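Visitor: Take a look at the following structure, please.
The values are calculated or read from the model by the stated rules, or taken from the named source; none is laboratory data. Since we're looking at a predicted model, the values are computed, not measured. Note: areas computed on protein heavy atoms with side chains; ligands, DNA, RNA excluded. Shrake-Rupley method; radii C 1.70, N 1.55, O 1.52, S 1.80 Å.
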Amino acid sequence: MRRQRFLRNFRNKRIMTIIIMTIIIFFVGFFFLKGCRAWVKEINREDVSQKLMSVILPGNSAETIPCFEQRLLAGICPGIQVVDEEREGEYCREECETTKTWENETTKQNGATQQVGEAQEKRAEQSTESETDGVPANTEEGIIATASKVYSKEQIFNYDYVKSNMYVIPSDTDLPESILDLEKIMSTDITIEKDSSKPQILIFHTHSQERFADSDSNGKSIVDVGDRLTELLQDKYGYNVMHIRDSFDVVDGKLDREKAYVLANKMLDKVMKENPSIQVVLDLHRDGVDPGRHLVTDIDGKNTAKIMLFNGISYLKGQGAVKELENPYLTGNMAMTYKMYLVGKALYPDFIRCIYIAGYRYCLHHAARSMLLEAGAQTNTFEEVYNAMEPLALMLDKILRLS
């Protein structure tokens, strides 16, 4: 009897223990899963993809790879899933938005905001043949003279100052002094002699489907903006311009940017071989920003979208130079954007946002005078971006024209 009572009590205690343990495990599991769910929500899918990319490209040290670059890698490594394909803005610059806002770029330029009005007044009086005292704007001395409205000569050649105030650099790459060699960049000749008899400038759009805030009503895209830039460079400034309107980001009638850069590079290989006279290659895009941001300034009484310049430098933190994506024209690329930035800040202080640096090369290795341009964003109207082509064309002529 005593034994039966003992066994009954033991079973009851065991059942009670099991019940209690089950309840504890349930609650622990519930809160654990809840915490995991919240953690997963906070993880940017870009970070997950980036870790995958660090395996594909050893030495990347699991640094952030923007989805812009993931699309390029997806073309190199078929089967890699690209994140954020549905996003309007293709470059996923949240990191840059939080670490350095574009509007603050101008205020950091050694009092540039105090000189905006003065610079714009002087611009109206300046000749297109020279900027200061008859010195051509496209020479090293001319660039320095033009930029002196905003920067001192010491600042123009100061690596730390220039890197901190003119460039935006994501965490997966860096801009070492060996690449941002300001003496070498400023002394690099990027001028060309105008010749309307043969193609000199090539404009194309790796992402031809990039559209604007009012594109649903007017059907306009970045390709139509390229038409305007082509018209200005040809009719107003006398260059022979080839505008490629092909779509590299559409497959079987659907938007597909995974291999856009691979396809564009194949096209460029062919076009450059067939047209050796081409000396300038411009990949014209529009940026993607937070829906609440409107990249607009006033130039000559017109609402004008702001411009961002872009360099792909084939350099990653933890790896250094990306030799499989070598760019033999990197110094020329850097000279294009840096001189454009300096001239732009002097002529239109609020027009150029910054020079963005990325770790890969994109389509910038076909000619020394190559540049990727971001004209406005998806929050701009077509007219605002259209208006931006006039000051952009003038700036290009300033740095390219052989006087």
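Visitor: Answer rounded, prolate or oblate for the stretch 166-251, using the Cα gyration tensor with square roots of eigenvalues a ≥ b ≥ c: rounded when a/c is under 1.5, else prolate when a/b is larger than b/c, else oblate. Don't skip to the answer; put the middle values down first.
Guide: Values: a/c = 2.51, a/b = 1.23, b/c = 2.04.
In terms of gyration-tensor shape, oblate.
Visitor: Within the P(r) computed for the stretch 216-265, what percentage of the Cα pairs occupies the region above 16 Å?
Guide: Above the 16 Å cut-off, the stretch 216-265 has 55 percent of its Cα pairs.
Visitor: In terms of modelled amide H atoms, which long-range or inter-chain residues lie less than 5 Å from the amide H of Cys354?
Guide: Leu309
Visitor: For the stretch 292-307, in order, what is each residue's ³J(HN,Hα) by Karplus, 6.51 cos²θ - 1.76 cosθ + 1.60 with θ = phi - 60°, in whole Hz (x at glycine and Pro)?
Guide: Working through the residues one at a time gives x, 9, 10, 8, 9, 9, 9, 10, 6, x, 10, 5, 10, 5, 7, 10 Hz.
Visitor: Once fully extended, how much extra length lies between Asn218 and Arg293, figured as 0.36 nm per residue of separation less the alpha-carbon to alpha-carbon distance?
Guide: Additional length available on full extension: 24.8 nm.
Visitor: Give me, ordered by chain and number, the residues 5 or more places off Val281 or on other chains with an amide H under 5 Å from its own placed amide H.
Guide: For Val281, the qualifying residues are Leu202, Arg369, Ser370, Met371.
Visitor: Using only the Cα atoms of the stretch 137-197, build the gyration tensor, take square roots of its eigenvalues as a ≥ b ≥ c, and label the shape rounded, prolate or oblate: rounded if a/c is under 1.5, else prolate if a/b is larger than b/c, else oblate.
Guide: Oblate, because a/c is 1.5 or more while a/b does not exceed b/c.
Visitor: Another one. List the pairs from Lys220/Lys306; Lys163/Lys184; Lys306/Lys398; Lys198/Lys236; Lys149/Lys345; Lys194/Lys270 whose alpha-carbon separation is above 20 Å, in the order I gave them. Intermediate results must be reported in sequence, preceding the final value.
Guide: On the way: Lys220/Lys306 18 Å; Lys163/Lys184 15 Å; Lys306/Lys398 18 Å; Lys198/Lys236 17 Å; Lys149/Lys345 9 Å; Lys194/Lys270 23 Å.
Pairs exceeding 20 Å: Lys194/Lys270.
Visitor: Please list Asp224, Asp160 in order of solvent-accessible area, largest first, computed with a 1.4 Å probe with all protein chains present. It would help to have the intermediate numbers written out before the result.
Guide: Details: Asp224 35, Asp160 100 Å².
Highest to lowest solvent-accessible surface, that is Asp160, Asp224.
Visitor: From the backbone phi of the stretch 385-395, what are the Karplus-calculated ³J(HN,Hα) couplings (6.51 cos²θ - 1.76 cosθ + 1.60, θ = phi - 60°) in whole Hz, Gly and Pro given as x?
Guide: Karplus-based 3J(HN,Hα) across the stretch 385-395 equals 6, 4, 4, 5, 5, 5, x, 5, 4, 4, 5 Hz.
Visitor: If you rank Arg401, Arg353 by how much accessible surface each has, with a 1.4 Å probe, what is the order from largest down?
Guide: I get Arg401, Arg353, largest accessible area first.
Visitor: Using protein chains only and a probe of 1.4 angstrom, how many square angstrom of Lys266 are accessible, to the nearest 10?
Guide: Surface accessible to solvent at Lys266 totals approximately 130 Å².
Visitor: Per-residue HN-Hα couplings for the stretch 208-214, Karplus 6.51 cos²θ - 1.76 cosθ + 1.60 at θ = phi - 60°, whole Hz, x for Gly and Pro?
Guide: 5, 8, 5, 10, 10, 4, 10
Visitor: Here is a further query. Can you give the accessible area of Ser178 in Å² (nearest 10), computed on protein heavy atoms with a 1.4 Å probe?
Guide: Ser178 has an accessible surface of roughly 100 Å² with all protein chains in place.
Visitor: From largest to smallest, what semi-axes in whole angstrom does the stretch 299-403 give when each is the square root of 5 times an eigenvalue of its alpha carbon gyration tensor?
Guide: So the equivalent ellipsoid measures 27, 16, 11 Å along its semi-axes.
Visitor: Something else now. Collect residues whose amide H, placed 1.01 Å from N in the peptide plane, falls under 5 Å from the amide H of Val322; neighbours closer than 5 in sequence don't count.
Guide: Under 5 Å from the amide H of Val322: Tyr315, Leu316.
Visitor: Any idea of His294's accessible area? Nearest 10 Å², probe 1.4 Å.
Guide: 90
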